[in-house]
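The structure appears right after this line, and notes come after that.
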Amino acid sequence: MDASSPPSDAERELDELRRRAYGPHPDIQADPAAMARLTELEAARTASPPDGADAEIGEPAAAGDDAPAADPAGTASGADASDSAASGEGSSRSLWQRLTASRARRGALLASVLVAFLALAYTVAGLVGPHPDATVHRIPDEPDGVVLSMLGFLGTEPELTSIRGYEPYRGFEPWFAVDAQGFQCFMIIDRSSGTFDGANCVPPGVDLFADIGAWPLFGDDFMRGLPNGSIIRFHYRGDSVDVFLYPSSEAD
């Protein structure tokens, strides 16, 4: 590409994705679609380098339009025959040789491999990682007096517009709010007993969850079917809450 020509949309996109992958604050690992797009753009750039790229990185330029034509009768001079042989040898190089012919291309190839590896690792982690036993979603209900009193008892002064509830699980209602200091608060309300559990407030960006102990032996009807001492974890995800069951051993 001529130095005076503005970069194309694909080049600008590639530069932005490279900054997200290799810059001082990489965040592309959490975006599989962006990693896949970076791999695609790197592969396209490697397979079809911009005009003049070979000359800039030390590779011989392609023959111009004024290159001598091949002699069909085999009467080309020794020099012409030598040039033709060299050209044929260059065009028959393997793809691997072309991809690793210069430091710039080797770097691009390594970057593509790294991005592909990160995308694969992220996908595998999502497949083999723990899966929730249930996922509950936001509800349109406004916080009532029970919720507001529980938040007040917790000692927070939440922004009313930040309060949101989620579908109940085994009778327990997850509620989220942001307090006056900007901390994110999460708690589980049990309306049957008029209590809350697992309440905590953390700064933004910190993992937010609440645990409830299951003790059917003590008359916790919602815990029936679970061994005593089991844990129910409610993991805040924003628009939803993942629920994980950790049954205890009966022997414990």
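The values are calculated or read from the model by the stated rules, or taken from the named source; none is laboratory data. This one's a predicted model, so the numbers in the text were calculated from it and none came from an experiment. With ideal geometry, Cβ positions are generated from the backbone for all residues, glycine too; neighbour counts draw on all protein chains shown. SASA here: full protein model, heavy atoms, side chains in, ligands and nucleic acids out. Shrake-Rupley method; radii C 1.70, N 1.55, O 1.52, S 1.80 Å.
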Name the pairs whose Cβ atoms lie under 8 Å apart, with the first residue in the stretch 135-161 and without any contact (Cβ under 8 Å) to a residue 60 or more places away in the chain, the second open to solvent by 60 Å² or more (accessible area, probe 1.4 Å) and charged (D, E, K, R), and 6 or more positions between them or separate chains?
Ile139/Glu167; Val146/Arg191
Of (1) of a type outside the set (S, T, N, Q); (2) open to solvent by less than 70 Å² (accessible area, probe 1.4 Å); (3) under 18 Å from Phe234 (Cβ atoms), Gly182 satisfies every one except (3)
Considering Gly198, Gly205, Gly182, which residue is on the phi > 0 side of the Ramachandran plot, part of a loop (DSSP other than H, G, I, E, B) and in contact (Cβ under 8 Å) with a residue 12 or more places away in the chain?
Gly182
Positions within the stretch 185-212 being over 29 Å from the mean Cα position of the chain (by Cα) and open to solvent by 40 Å² or more (accessible area, probe 1.4 Å), in sequence order
Arg191, Ser192, Ser193, Gly194, Thr195, Phe196, Asp197
Residues within the stretch 127-179 that are within 29 Å of the chain's Cα centre (by Cα) and assigned to a strand (DSSP E or B), tallied:
14
Can you tell me how many residues within the stretch 133-155 are open to solvent by less than 50 Å² (accessible area, probe 1.4 Å) and farther than 16 Å from Thr195 by Cα?
3
